[in-house]
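The values are calculated or read from the model by the stated rules, or taken from the named source; none is laboratory data. As the structure is a computational prediction, the values presented were derived from the model and not from experiment. Cβ atoms come from the backbone with ideal geometry, glycine included; neighbour counts cover every protein chain shown.
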C-alpha cells in the first residue's frame with residue numbers, strides 16, 4: 001500500500017481509451033493499492049464476485065455504481081475519484097470509452113492536468129483510442145502517459161509491448177503528441193501499478209504510481225500576459241467591486257488595466273479580501289480576486305482585463321478546431337452560443353473548412369455538414385468584436401465550449417490563422433485638426449459632370465479584378481470622366497512596399513488603400529480598386545472612409561475557375577508550398593454579404609462585364625438628369 005500525502009497539492013488526471021481496454025479495472029486496482037477504497041468496499045467487492053461466481057476480484061465494480069452499467073459492461077458517465085500518494089493528492093477523471101458517451105469524456109478531460117491513455121495489449125490502437133487521443137490534442141493536454149494493459153493476456157511478452165508501443169507512438173506523433181511514459185501493466189493482477197510485480201522484470205522504468213508522481217502540477221502561468229476574465233460586478237459598502245479568477249499573469253494595485261472588448265481603462269486601487277488585509281497588493285494566476293478601480297467605467301461579466309501592452313486580440317471572426325458531439329449536424333449558417341472563460345457569445349458558422357477523419361487523419365474539404373463525433377476546423381463569426389487568445393498563445397483562454405440551447409454540442413480551441421487583429425491602434429499623431437476645403441463636392445461634381453466614387457472590386461486571385469478594372473477605366477476615360485485604378489500589385493510597389501501578406505499586413509494594406517481611395521473620391525474622381533481584400537471587416541472599414549460614395553462589387557468566379565486561369569502562376573506556387581497563407585488555398589476569403597453589385601466573371605466575357613459595370617457607375621455618379629442637378633443645386637445653396 002502507498003502512504004497517503006497530507007499536503008494540499010492536487011493534480012487532475014483523466015483516464016481515457018477504447019471501451020473494454022480496462023480503464024475501470026485500472027482505477028479500481030489503483031484505489032485498492034493506494035488504500036483509497038471506502039471502508040467495507042473491498043469486502044463488498046468480494047461478496048459481489050462470489051455471487052457472480054467470479055474467482056478474481058472485478059476491480060471495475062468499484063466504479064460501476066449502477067446495475068445497468070454492470071449488465072451492459074460499459075461506463076456511461078465521467079466519475080471523479082480522489083486518492084493520494086506520498087507525493088501529493090490526485091483527482092482521477094474516469095472518462096467513458098464508448099462512442100455514445102464522448103460528450104462526458106470531453107467535459108471531464110477539459111479539466112485535467114495530465115492524461116493516461118489505456119491500450120489493450122491484445123487489440124492495440126482502436127477507433128476510440130484514436131478519437132480520445134485526438135481529443136487530448138484538441139484540448140491541449142501535453143502530459144500524457146500510455147499504459148499497455150492486459151499484459152497477462154499475452155504472457156507478459158516484451159515483443160507485444162514493443163509492437164503496441166510503436167503503434168501508439170506513431171499515431172500520437174501524427175497529431176503532435178509525445179507521451180512522457182509508455183509502460184506495461186496488468187490492472188487485474190496489479191503488476192506495475194504501485195508494485196512492480198514479478199512478471200515483467202524486463203521493464204526497468206517507472207511504475208504507474210511513479211509516473212503519476214512525475215507529472216508536474218500546472219504551474220500558475222504568471223509569465224504569460226495578464227488575463228482576468230470578469231465573473232461579476234458587485235456593490236459592497238459603497239464600493240464597486242469587480243470579481244473573477246486570474247487565469248494568467250499577475251495583477252498589482254496601481255496597475256492600469258484595459259478591459260476588452262470596449263477598451264475601457266482604469267487603475268486598480270485595491271485588492272479586496274475578507275478579513276481585510278491592507279498588505280494584499282498583488283495577485284497571481286490561479287487566484288480568485290476582487291478589485292476596485294479608480295474610475296466607474298462600464299465593465300460586465302465576460303469582459304477580460306489585461307495590461308495595456310499585451311491585450312487579447314479583438315475580432316468578430318476566428319477559426320476553431322472542434323469536436324462535434326450533437327446528434328444534429330453542424331451546418332454552415334447555424335448559430336450557437338460559445339463560452340470561453342466567462343464570456344458567452346452568439347456565433348454563426350461561416351464555413352466548414354475541413355473535416356478530419358481521426359482514424360487515418362484524412363482531410364475532407366468543403367464539407368456541407370459535420371456529424372456527431374467528428375473533428376473539424378470551422379470558421380465562426382460573432383455579432384460583435386470578441387476578446388480572443390489563440391490556443392497556441394494561451395491555453396487557458398484558448399479553449400471554448402459550444403452550446404445549442406442549454407446542451408453542450410461541441411468543444412475545441414481558438415485559432416486565428418488567416419485572420420487579423422481588429423483592435424484599433426491608438427493614433428500616434430497628437431495636436432492635429434482637420435482643415436476645411438473651400439471647394440465642395442457639389443462644385444467639383446458640376447465642374448466634372450459627375451460625382452466622385454469608390455468602386456471596390458473584390459474577389460479571388462484570377463477572378464478578373466485587374467483586367468476588368470483597367471478595361472472599365474479605359475471606357476470611362478474615353479467618355480470624358482476623371483477616373484483612376486488603384487491596383488493591388490501596383491500599390492505594393494510603392495505606397496505599401498513595406499507590407500507583407502500576414503493577416504495584419506493585409507489589413508493595413510486595405511486600410512491605407514481605403515483612405516487613399518476616399519481622398520481621391522472626395523477630389524471628384526471615379527476610383528476603381530482591384531484588391532483581393534479577403535476580409536469583410538477590412539472592406540467595411542474601407543467603406544467607412546467614404547460611406548456615401550463606396551460601392552462594393554463582388555467579382556464571382558469560384559476557386560476551381562480561378563486556379564485554372566492562374567494568370568501569374570501563383571496558385572501553382574501556393575499548392576507547392578512556395579507561397580504561404582495564399583488566399584483561397586490556406587488563407588480565407590470571405591465573400592461579400594450584401595454587395596452593391598455582383599459580376600459573374602466565370603460565365604460572362606470581358607465585354608459584357610465592362611458594360612455591366614459601366615452602366616452601374618454612370619447611374620451612380622453622372623449628373624445626367626434634371627432631378628439630380630436640382631438636388632445638387634439645393635445642396636449647393638445650403639453649403640454656400
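Computed values, structure above
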quantity: Any hit, region 323-343, residues being closer than 28 Å to residue 223 by Cα, touching a residue at least 60 places away in the same chain (Cβ under 8 Å) and in contact with a helix residue (DSSP H, G or I) (Cβ under 9 Å, 6 or more places away or on another chain); calculated: no
quantity: Residue 323, sole failed condition from (1) in contact with a strand residue (DSSP E or B) (Cβ under 7 Å, 6 or more places away or on another chain); (2) at pLDDT below 90; (3) over 30 Å from residue 377 (Cβ atoms); calculated: (3)
quantity: Residues being under 30 Å from residue 248 (Cβ atoms) and touching a strand residue (DSSP E or B) at 6+ places or on another chain (Cβ under 8 Å) - total across region 184-217; calculated: 5
quantity: Among residues of region 492-520, those that are in contact with a helix residue (DSSP H, G or I) (Cβ under 9 Å, 6 or more places away or on another chain) and touching a residue at least 24 places away in the same chain (Cβ under 8 Å), counted; calculated: 11
quantity: Residue among 153, 200 that is assigned by TED's automatic domain parsing to the domain that holds residue 19 and assigned to a helix (DSSP H, G or I); calculated: 153
quantity: Enumeration of residues in region 144-174 that are over 19 Å from residue 192 (Cβ atoms) and surrounded by 17 or more Cβ atoms within 10 Å (Cβ to Cβ); calculated: 171, 172
quantity: Restricting region 330-355 to residues that are surrounded by fewer than 15 Cβ atoms within 10 Å (Cβ to Cβ) and farther than 13 Å from residue 403 by Cα, the residue that is modelled with the highest pLDDT; calculated: 331
quantity: From the options 443, 475, residue that is more than 29 Å from residue 579 (Cβ to Cβ) and modelled with pLDDT under 95; calculated: 443
quantity: Within region 274-376, strands (runs of 3 or more DSSP E) holding 2 or more residues that are closer than 30 Å to residue 172 by Cα; calculated: 313-324, 335-340, 343-356, 363-365
